[in-house]
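Undergrad: Input: one structure, supplied below.
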Amino acid sequence: MYNYSKFYREQFELFFKEDDTFKNFHYLNSLPETTVNCSLKVKDDLVLSGLAFFFETFNFISKDEFNFKEFLEFEGKEFSKSDNFEINFSLPFNIALTGERLALNLVQRASSISTYTKKYVDIAGRIAILDTRKTTPGLRFLEKYAVNIGGGYNHRYSQMDAWMVKDNHKAIFGGVDKAIEFFKKQNSFYHNIIVEIHDLEELEIAYNSGAKHFLLDNFSPSEIIEASKIKKQDMTYEVSGGVNLNNLNSYCLDGVDAISSGSLTYDAPQVDLSLKFNHE
């Protein structure tokens, strides 16, 4: 069985190494261990996400383990700025101060993506909203988790989750049909083959080659309507390329099963949360 605790421990080791947190031992050892009241404050309209990562930051650097499970009930909940919502808990000051920025960075990043994804999901209705592999190196696990919390779906975590025939495959193997044949020869019985399509002729070739799942790349709404006229019952249409929050509604058409957008993870506006300390 995969050791998930080991994976996350390694991630936090990298996070704190990047922050150079433990370089000055004298400084860290001088910080008082006085217990302080901590308040995680919501200062924006948002979907709150990433609380487990926020709290685990403090557990990682503490000799004691703090139980924050009671606060996970707020994960994925929507809050308005006017709610003045906050989560209150206690920590030793040295732990709270050392982990503050990293903990906030993680919960803000996750909440930003969840909030942005929820906006897409609300517009798309029955159509699934998918992320892409256009994620921040080292943070894919967090960003794809946040998409899920916002009501979206994860496309692929890695290249191996599904075979996707892209332009470079077609160029190297000599066309869409030959690229599909290459992936068929991988003998991965449960692997879907997704084909990136750029016109109706390519769509027909790919379908006749045995593909069932098609990514209509940079299709205009009018081209999607034309493609939908020849859609078979066993075909899946995913729309991608150039879709954003401003034009999303025009792509929510009959025949479209999913819309994928890299902007969910690379273009989400930052939401505002803060962490404040007070003496008990």
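Undergrad: Check which residues have an amide H placed less than 5 Å from VAL271's amide H, if you skip close sequence neighbours.
TA: Distant-sequence amide H within range of VAL271: SER112.
Undergrad: Under 13 Å from the 7 Å Cα→Cβ point of PHE66, by amide nitrogen: which residues of the range 245-276?
TA: What the label zone holds, given the 13 Å backbone N cut-off, is 275-276.
Undergrad: How do 218-227, 106-115, 254-263 rank on mean C-beta neighbours within 10 Å, highest first?
TA: 106-115, 254-263, 218-227
Undergrad: Here's another thing I want to ask about it. Looking at the P(r) of the range 142-280, how many percent of alpha-carbon pairs lie beyond 17 Å?
TA: Value for the range 142-280 (Cα pairs over 17 Å): 65 percent.
Undergrad: Charges on Cβ only, +1 for Lys and Arg, -1 for Asp and Glu, centred on the Cα centroid of the chain; of ALA103, TYR251, SER220, which one is farthest towards the dipole's positive end?
TA: Checking the options against the dipole of the chain, the answer is ALA103.
Undergrad: Continuing with this model, one more query. At 1.4 Å probe size, with every protein chain present, just tell me what the per residue accessible area of the range 166-280 comes to in Å².
TA: 55 Å²
Undergrad: Which value, in debye to the nearest 20, gives the size of the charge dipole of the range 16-129 about its Cα centre, when Lys and Arg are +1 and Asp and Glu are -1 at the Cβ?
TA: Approximately 320 debye in magnitude.
Undergrad: When the accessible area of the chain is computed with all protein chains present and a 1.4 Å probe, what percentage of it is carbon and sulfur? Working shown, then result.
TA: On the way: 7540 of 15220 Å².
It is 50 percent, rounded to a whole number.
Undergrad: Between GLU78 and ILE172, what FRET efficiency follows from the Cβ-Cβ distance if R0 is 51 Å, with the result rounded to 0.05? Don't skip to the answer; put the middle values down first.
TA: On the way: r = 46 Å, r/R0 = 0.90.
The value I calculate is 0.65.
Undergrad: For volume of the Cα convex hull per residue in Å³, the choices are (1) 155; (2) 137; (3) 176; which was calculated from the structure?
TA: Derived directly from the coordinates: (1).
Undergrad: Residues with amide H under 5 Å of ASN192's amide H, sequence separation 5 or more or different chain, H placed in the peptide plane at 1.01 Å from N; which?
TA: Here TRP163 satisfy the definition.
Undergrad: State to the nearest 20 debye the size of the charge dipole of the chain about its Cα centre, where the only charges are +1 on K and R beta carbons and -1 on D and E beta carbons.
TA: Computed about the Cα centre, the dipole is about 420 debye.
The values are calculated or read from the model by the stated rules, or taken from the named source; none is laboratory data. Here the structure is a predicted model, which means the values were calculated and not measured. Note: ideal-geometry Cβ built from the backbone for every residue, glycine included; neighbour counts use all protein chains shown. These area figures cover heavy atoms from the full protein model, side chains too; ligands, DNA and RNA do not enter into them. Shrake-Rupley method; radii C 1.70, N 1.55, O 1.52, S 1.80 Å.
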